[in-house]
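Attaching a single structure in structure tokens format; questions to follow.
The values are calculated or read from the model by the stated rules, or taken from the named source; none is laboratory data. It should be emphasised that the depicted structure is a prediction, and the values quoted were computed from it without experimental measurement. Ideal geometry is used to build each Cβ from the backbone, glycine not excepted, and the neighbour counts take in all protein chains shown.
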Amino acid sequence: MWQRVDKDFVIIGSGIAGLTLSLLAAQHGSVALITKGELGGGNSRLAQGGIAAVFSDDDGVELHHADTMHAGQGLCDAEVVATIVSKAPDRIKFLQSLGVQFDRNGQGALELGREGAHSRNRIVHVGGDQTGHALIQLLARLVQSNSKIAVYEHTYAADLTVTDGECTGVVGVNSQASKLQFLSRAVILATGGLGQLFKYSTNDLAAIGDGYAMAYRTGATLRDMEFVQFHPTGLKTATQPLPLVSEAVRGEGAVLVNSLGERFMKRYHHLADLATRDVVARSIYWEIQAGRDVFLDARMIAQFERRFPTIYVSCQSLGIDPAHDLIPVVPVAHYTMGGVQTDSYGATSVSRLFAVGEVASSGLHGANRLASNSLLEGIVMAEQTIEKITSLAPLPERYRRLHSPLDEMMQAGISLKLDATLVRTVQEWMWKNVGIVRNQADLTWTKIQLEQALQRTDSGAIADRNLLTSALLVVKAALWRRESRGAHYRLDFPDSSERFHTHSVQEAHDEPVVSEAVLAASIN
């Protein structure tokens with residue numbers, strides 16, 4: 001038996017983008033917010049650094065724009081970047097109006113941190129390194145108290161429904177195995193990333209790429225899926241996910257050293273420890289491959305415990321005192337730059353389907369994300385998307401019928417639980433062969449293994465199929481891009497190529513295939 005839920009807007013995901021969008025959408029109609037875990041779960045709550053925004057006299061929007069474009073290695077959309085960075089200060093004020101208490105200095109002004117590849121101090125933060133936690137806690141509380149928003153926790157958005165080329169709703173299954181059919185004038189994906197495809201990751205355990213797989217099956221265009229950012233400094237520990245050691249620590253003066261005590265980053269880039277994340281992550285990778293463990297020396301930072309309380313607690317759990325000890329670090333899967341292609345208002349290639357936040361490829365990040373631009377994208381693009389979804393006409397009556405691509409699956413049996421052995425296997429494959437350094441042979445082997453695994457997986461094993469589909473989307477794009485650019489590094493093609501100064505695009509076929517039109521365009 002299906003339970004039907006009619007709302008003006010259906011939002012999937014309760015991170016920074018989903019929560020912000022829910023609050024804004026509730027001003028214009030009824031909202032269903034679906035999250036497969038608890039409200040506020042996901043990656044946003046783990047964010048440490050903060051939000052990039054121009055507030056100092058020696059800074060300017062044009063500098064923030066230039067830094068973002070430089071980090072993106074030629075694949076950012078200049079107009080989208082301009083829109084987002086110009087709206088950043090206003091969105092910070094919006095968060096303040098909701099009750100967010102950003103850290104301030106002794107003079108009462110916003111305390112501005114600095115991170116890699118930023119030319120100025122412009123990172124606003126809360127509680128030192130607790131920005132994500134503080135924001136999500138507040139926004140989730142506001143969502144829960146809003147009568148226009150119905151929250152569906154522990155509900156798996158199993159698939160999207162499409163009628164006559166328009167996305168008409170969402171099929172969900174909750175923890176009691178009840179089947180829910182959501183109908184709405186707009187469906188917005190805010191499902192986050194896919195970091196848990198890799199063995200070592202800072203991402204929440206739920207981040208397996210559900211949104212990418214759903215959008216792909218629906219017929220939406222996905223762009224630049226090869227660009228997965230590996231954060232240079234995850235705390236070296238056996239836990240999963242690995243605790244993050246924020247880039248802001250280096251912004252406060254900490255430096256990377258190897259087991260020989262050498263400040264090795266000077267050998268790799270003129271910006272040394274504050275180079276872009278792709279450069280620093282690869283540099284650490286090369287050091288470790290050469291047999292030299294890597295550490296972060298933060299002993300010069302006064303009051304480390306006050307400025308970085310979350311990191312301090314993580315270090316203490318390993319018996320490390322940052323005031324006296326070196327912090328062991330390793331690169332970790334952290335963020336997906338690619339995603340469901342959208343315009344500057346969050347619209348995808350499928351009518352009535354939108355995407356916001358990490359799941360989207362809005363054009364902001366290009367081949368490599370600038371630090372602290374992710375939370376910023378979530379709050380700005382939520383506002384942008386509101387402009388478009390509120391202008392949509394209500395769902396036509398002819399679409400309001402209970403029909404789902406999952407009908408047959410439901411009859412045959414459906415599983416939302418991940419196969420633990422499959423997860424571990426895929427994570428090993430992806431980390432070893434599709435990680436920081438890639439090559440044709442490893443990518444091809446991994447593609448074959450993933451395709452065979454997908455063929456063996458039951459149609460009703462939705463979570464497993466999402467995991468495998470998302471992994472294939474990354475691998476296929478990485479195989480196509482026969483160059484190195486940003487976060488994508490090919491040992492067999494170590495330089496950037498003008499032939500590939502373009503985007504990879506994957507469209508709905510029986511399997512992920514990189515668009516031949518894009519390949520032709522890149523060669524001509």
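If I filter region 53-61 for residues that are in a helix (DSSP H, G or I) and touching a residue at least 24 places away in the same chain (Cβ under 8 Å), do I get at least one hit?
From region 53-61, those in a helix (DSSP H, G or I) are 61; that's our starting set.
Going one step further and asking which of them are touching a residue at least 24 places away in the same chain (Cβ under 8 Å), we end up with 61.
Within region 53-61 (the criterion being in a helix (DSSP H, G or I) and touching a residue at least 24 places away in the same chain (Cβ under 8 Å)), the answer is yes, since at least one residue qualifies.
Quick one: in region 289-315, of everything that is within 26 Å of the chain's Cα centre (by Cα) and touching a residue at least 40 places away in the same chain (Cβ under 8 Å), which residue is farthest from A333 (Cα to Cα)?
R307
Count, please, the residues in region 430-475 that happen to be buried (at least 21 other Cβ atoms within 10 Å of the Cβ) and hydroxyl-bearing (S, T, Y).
The qualifying residues number 3.
For the structure I just gave you, tell me whether A117 is at pLDDT below 95 and among the aliphatic types (A, V, I, L, M). Steps first, please.
Details: at pLDDT below 95: yes; among the aliphatic types (A, V, I, L, M): yes.
Yes, satisfied.
Are there any pairs with C-beta distances below 7 angstrom linking a residue in region 1-21 that is farther than 10 Å from S44 by Cβ and free of Cβ contacts under 8 Å to residues at least 24 places away in the same chain to a residue that is of a type outside the set (K, R) and surrounded by fewer than 24 Cβ atoms within 10 Å (Cβ to Cβ), with the two at least 6 apart or on different chains, and if so which?
Correct list of pairs: empty, since none qualify.
Got a sec? Which of E451, E377 is assigned to a helix (DSSP H, G or I), out of contact with any Phe, Trp or Tyr (no Cβ under 8 Å at 6 or more places or on another chain), more than 30 Å from G72 (Cα to Cα) and at pLDDT 90 or above? Lay out the reasoning, then the answer.
On the way: E377 fails: more than 30 Å from G72 (Cα to Cα).
Result of the check over E451, E377: E451.
Pull out all pairs, ordered by first then second residue, where Cβ-Cβ is under 6 Å, the residues are six or more apart or on different chains, the first lies in region 252-264 and is free of Cβ contacts under 8 Å to residues at least 12 places away in the same chain, and the second is in a strand (DSSP E or B) and of a type in the set (A, V, I, L, M, F, W, C).
Short answer, once both residue conditions are applied: R263/V255; R263/V257.
Quickly run through region 357-381 and pick out the residues that are aliphatic (A, V, I, L, M) and under 21 Å from V124 (Cβ atoms). Talk me through it step by step, then tell me what you get.
We begin by selecting, within region 357-381, every residue aliphatic (A, V, I, L, M); these are 359-360, 364, 367, 370-371, 375-376, 379-381.
L364, L370, A371, L375, L376, I379, V380, M381, listed by residue number.
Something else: Among the residues of region 290-305, is any crowded, with 23+ Cβ neighbours inside 10 Å, in a loop (DSSP other than H, G, I, E, B) and touching a strand residue (DSSP E or B) at 6+ places or on another chain (Cβ under 7 Å)?
For region 290-305, residues crowded, with 23+ Cβ neighbours inside 10 Å, in a loop (DSSP other than H, G, I, E, B) and touching a strand residue (DSSP E or B) at 6+ places or on another chain (Cβ under 7 Å): present.
Follow-up question, since we're still on this one. Is it the case, given these coordinates, that L138 is over 19 Å from the mean Cα position of the chain (by Cα), surrounded by 17 or more Cβ atoms within 10 Å (Cβ to Cβ) and over 30 Å from P243 (Cα atoms)? Give the steps one after another, and end with the answer.
Numbers: over 19 Å from the mean Cα position of the chain (by Cα): yes; surrounded by 17 or more Cβ atoms within 10 Å (Cβ to Cβ): yes; over 30 Å from P243 (Cα atoms): no.
Taking the combined requirement at face value, the residue does not satisfy it.
For residues in region 223-282 being more than 22 Å from the chain's Cα centre (by Cα) and on the phi > 0 side of the Ramachandran plot, which is surrounded by the fewest Cβ atoms within 10 Å (Cβ to Cβ)?
G261
Checking the conditions here, which among A88, A66 is assigned to a helix (DSSP H, G or I), among the small types (G, A, S) and surrounded by fewer than 17 Cβ atoms within 10 Å (Cβ to Cβ)? Steps first, please.
On the way: A88 fails: surrounded by fewer than 17 Cβ atoms within 10 Å (Cβ to Cβ).
After applying the criteria, what remains is A66.
Look through region 2-32, keep the residues that are part of a strand (DSSP E or B) and under 21 Å from the mean Cα position of the chain (by Cα), and return whichever of them is surrounded by the most Cβ atoms within 10 Å (Cβ to Cβ).
Step one: list which residues in region 2-32 are part of a strand (DSSP E or B), which gives 2-6, 9-12, 31-32.
If we keep only those that are under 21 Å from the mean Cα position of the chain (by Cα) as well, we get 10-12.
Details: V10: 29, I11: 34, I12: 29.
Selected residue: I11.
Right, next: Out of the residues in region 308-324 that are of a type outside the set (F, W, Y) and in contact with a helix residue (DSSP H, G or I) (Cβ under 8 Å, 6 or more places away or on another chain), state the one that is surrounded by the most Cβ atoms within 10 Å (Cβ to Cβ). I'd like the intermediate steps shown before the answer.
Initially, region 308-324 is screened for residues of a type outside the set (F, W, Y), giving 309-311, 313-324.
Then keep just the ones that are in contact with a helix residue (DSSP H, G or I) (Cβ under 8 Å, 6 or more places away or on another chain); that gives 310-311, 321-323.
Details: T310: 20, I311: 26, D321: 13, P322: 23, A323: 15.
Going through the qualifying residues, I end up with I311.
Conditions: (1) modelled with pLDDT under 95; (2) within 20 Å of D67 (Cα to Cα); (3) assigned to a helix (DSSP H, G or I). Q411 meets all but one. Number of the miss?
(2)
Given the options Q181, Q196, name the one that is surrounded by fewer than 24 Cβ atoms within 10 Å (Cβ to Cβ) and either in contact (Cβ under 8 Å) with a residue 12 or more places away in the chain or over 18 Å from W429 (Cα atoms) (or both). I'd like the intermediate steps shown before the answer.
Details: Q196 fails: surrounded by fewer than 24 Cβ atoms within 10 Å (Cβ to Cβ).
Every option except Q181 fails the conditions.
Check region 159-181 and report whether any residue there is among the basic types (K, R) and within 30 Å of Q303 (Cβ to Cβ). Steps first, please.
First, the residues of region 159-181 that are among the basic types (K, R): 179.
Next, only the ones that are within 30 Å of Q303 (Cβ to Cβ) stay: none.
Within region 159-181, none of the residues are among the basic types (K, R) and within 30 Å of Q303 (Cβ to Cβ).
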